[in-house]
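Take a look at the structure set out below.
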Amino acid sequence: MFSAPAILLAAALADTSTCESETKESCAVVIGGTGAVGKELIRELVQSGEYREVRALVRKERDLGYFGLAEGEGSCLVQKVVDFEKLDDYADEFKGCEYGFSAFGTTRREAGGAEPFKKIDYGYNVKAADLMKQGGVKHMQLVSAQGADTKSWLLYPKTKGEIEDHLKSLAFDRLTIWRPGLLAGRHLSRTVETAANCICPNFLRVHVRTVARGMHYDTTDKPHSTEKVDIIENNPIKKYVEATGGKDALFNKVI
């Protein structure tokens, strides 16, 4: 028969969860959590052990392995299946979190044309940000894009600029806008990724994990800045992450 202390010790060793819901106060709500940057962000937030709840609003639920999480690591990850065409119906899912994140994005090709791209990329981001503000989010973070500009003649950077402007108008306590260049680390075909690496020099690229890690770091006691609105371009993203947390063992450097 095992003694009570032995049983308690065994239970403690068996509990490998990084989420400490009984002791942690922070809550994060995330859209775009199944994309290239988003799933890395989910993993960063969950494994940090700093959140009682990481709430991912998704089209369909994924297993923990999709986010790079092992069994026992995801006790604070709550996936809420929503219809992004009817986000107002899910207003309650945006309530009660101090931190809001959007890594949501698409392309004209993926959306099927200019009009559906604008409806999805602008419409979903803006509506989600509105609901996050109404729901009590204090610090909002957005993955935008390098070159975002409302005055651009090109649809993609113009739309990203318009999203940024809308979020600025909501007057969050803090708003951090990340403007990465070409995202490395996405699941592209070997041919496409090789071509991208050859064509696009390192200073124009950034790894998806680096962006996600920066987003997490910005919520800690080492934020990128104390500005109410902070816009972080591609290379400053890499410099901030390396200065704050060091190089990533996965690729041995911040790219």
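Please treat every number below as a calculation from the coordinates, not as lab data. These numbers were taken from a predicted model, which means no experiment stands behind them. Here the Cβ is made from the backbone with ideal geometry for all residues, glycine too, and neighbour counts use every protein chain on show.
Packing-wise, with mean Cβ within 10 Å as the measure, how do 205-214, 218-227 rank, highest first? Working shown, then result.
Values: 205-214: 24.9, 218-227: 13.9.
Top to bottom by mean Cβ count within 10 Å: 205-214, 218-227.
What order, most packed first, do the peptides 71-83, 171-183, 39-51, 97-109 have when packing is the mean number of other Cβ atoms within 10 Å of each residue?
Order by mean packing, descending: 39-51, 97-109, 171-183, 71-83.
Which pairs in the list LYS168/LYS239; LYS118/LYS228; LYS86/LYS160; LYS80/LYS151 are over 29 Å apart, alpha-carbon to alpha-carbon?
Among LYS168/LYS239; LYS118/LYS228; LYS86/LYS160; LYS80/LYS151, the Cα-Cα distance tops 29 Å for LYS80/LYS151.
I'd like the Kirkwood hydrodynamic radius of the range 25-92, using the inverse of the mean 1/r over distinct C-alpha pairs, in Å.
12.1 Å
Output wanted: per-residue J couplings in Hz (rounded whole) for the range 89-94, from phi through Karplus 6.51 cos²θ - 1.76 cosθ + 1.60, θ = phi - 60°, x for Gly and Pro.
5, 10, 4, 5, 6, 9
For a test of the definition: using alpha carbon positions, the gyration tensor, and the 1.5 limit on a/c, classify the range 36-136 as rounded, prolate or oblate.
oblate
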